[in-house]
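Asker: Just dropping this structure here.
No value in this document is a laboratory result; all are computed from the given coordinates. As the structure is a prediction and not an experimental result, all values here were calculated from the model. No Cβ is skipped: glycine too gets one built from the backbone with ideal geometry, and neighbour counts run over all protein chains shown.
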Amino acid sequence: MATVTPHDVKPAHEAGRERGRGAHKGQQTRAAILDAALSLAAQMGIEGLSIGALAEVTGMSKSGVFAHFGSREELQISVIREYHERFEEEVFRPAMRQHRGLPRLRALIKNWVSKVATEIDSGCIYISGAVEFDDRPGPVRDALASMVLLWHGALNKAIQQAIDLGHLRADTDPMQMLFEIHGLILSLHHDARFLRSAGAVDRARVAFERVVQYYAQGAPHPLFPNAAPTGAAPV
């Protein structure tokens, strides 16, 4: 058996750096694939995603793409999770810097409407995915539904905090208010993307003000346009 001399052995710190560089490169490659997959899903839907289609778009081999995801289903789920992460970054996290209650709820809806407005040409994966998988049980539908429910949970919490702080009437049903808000977002997506209706974004904002006005506690319309933030500090 051949022996290994000390000159053949790389120091541990050098081997560690190489492994680190390899892992970092792998993460970069996976991120690039997911970026391409999101663009592809916007054009073809989640169901249109496949290892082969993505390999063609990225210029990689099928085996190279497969190595990062393992299956078409895992690729689709990863794209849904990536979309959710970006949704949180653009819509949810900035709103958390606002005070609890109506200031935070307003920020959440403002950011949501703005994101839908930027997706007129690409489409919202939450909405288009619901159409694709509403009657197709399985892991992909479960992943999509769980992401949407997480977002609904955040909105429900913001509404409840507005009730607790007295910004909305005490008898407000958070789930009913959430249903109405979500409905106007669906209308915005339909009119802006399908009908290409001018002014759909402004109408969505007006509709939200009317919903808030209905559930508000004796406040004029619009609510708190220039008032100082109320309630507890952001957490």
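Asker: From Cα coordinates alone, what are the radius of gyration and Dmax values for region 86-140 in angstrom?
Answerer: In Å, with Rg to one decimal and Dmax whole: 13.9, 40.
Asker: Let me understand region 26-97 better: what is its radius of gyration from the alpha carbons, and its Dmax, in angstrom?
Answerer: Reported Rg and Dmax, both Å: 12.9, 43.
Asker: If I take R0 = 30 Å and measure r between the Cβ atoms of GLN43 and LEU149 in this structure, what FRET efficiency does the formula 1/(1 + (r/R0)^6) give, to the nearest 0.05?
Answerer: Working: r = 26 Å, r/R0 = 0.87.
Result of the calculation: an efficiency of 0.70.
Asker: Under the Karplus relation 6.51 cos²θ - 1.76 cosθ + 1.60, θ = phi - 60°, what is the ordered set of whole-Hz ³J(HN,Hα) values for region 189-196, x standing for Gly and Pro?
Answerer: Couplings: 4, 5, 6, 6, 8, 7, 8, 6 Hz.
Asker: Sticking with the crude label model, points 7 Å out along Cα→Cβ, report the distance from ILE120 to ASP142 in nm, one decimal please.
Answerer: For the pair ILE120/ASP142, the computed spacing is 3.9 nm.
Asker: Modelling each spin label as a point 7 Å along the Cα-to-Cβ direction, I'd like the SER197/THR29 distance in nm, to one decimal.
Answerer: My value for the distance between the label points is 4.7 nm.
Asker: Still on this structure: Hey, what D do you get for region 88-188 in µm²/s if you plug the Kirkwood alpha-carbon radius into Stokes-Einstein at 25 °C and 0.890 mPa s?
Answerer: Values: Rh = 14.5 Å.
Here the translational diffusion coefficient equals 169 µm²/s.
Asker: Let me ask another. Give me, ordered by chain and number, the residues 5 or more places off ALA216 or on other chains with an amide H under 5 Å from its own placed amide H.
Answerer: Residues meeting the amide H criterion: ARG169.
Asker: Return the aspartates and glutamates within reach of LYS157: Cα separation strictly under 16 angstrom, same-chain partners fewer than 8 residues apart disregarded; answer none if there are no such residues.
Answerer: Once the sequence-local aspartates and glutamates are set aside, what remains near LYS157 is GLU88, ASP171, ASP173, GLU180.
Asker: May I pose another question? Could you give the length gained on full extension between TYR214 and GLU74, defined as 0.36 nm per residue of separation minus the Cα-Cα distance, in nm? Don't skip to the answer; put the middle values down first.
Answerer: Working: separation 140, 0.36 × 140 = 50.40 nm, distance 4.34 nm.
Once the chain is fully extended between TYR214 and GLU74, it gains 46.1 nm.
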